[in-house]
Amino acid sequence: MTSDLRRGAAAAAAAFLALWGLVRTCATGEPLRPRLVLFVSVDQMRYDYLERFAPLFEGGFKALLDR
């Protein structure tokens, strides 16, 4: 898979999830709005680095991975 195709797939997935979150409705018919949407993008960082270097993380990435 080329990097351009990966970026496009990731952008499409993020857009889908954002729209899905806005469209959902609760039992009363009122739209559910997320309290916070967080998107973290680190250029040139592979996903497997999060698992590979997890024991070395303190604070930021560790908190995101634990929660």
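Throughout, read-outs are computed from the coordinates displayed, never taken from laboratory work. Note that the structure is predicted; figures quoted are calculated from it, not measured. Backbone-built Cβ (ideal geometry, glycine too); neighbour counts: all protein chains shown.
Points to keep in mind about this one:
- With each label modelled as a point 7 angstrom along the Cα→C-beta vector, the Arg52-Leu5 pair spans 2.2 nm.
- Linear extension gain, Leu38 paired with Asp66, 0.36 nm per residue minus alpha-carbon span: 8.6 nm
- Listed peptides 35-42, 6-13 by packing density, highest first (mean Cβ within 10 Å): 6-13, 35-42
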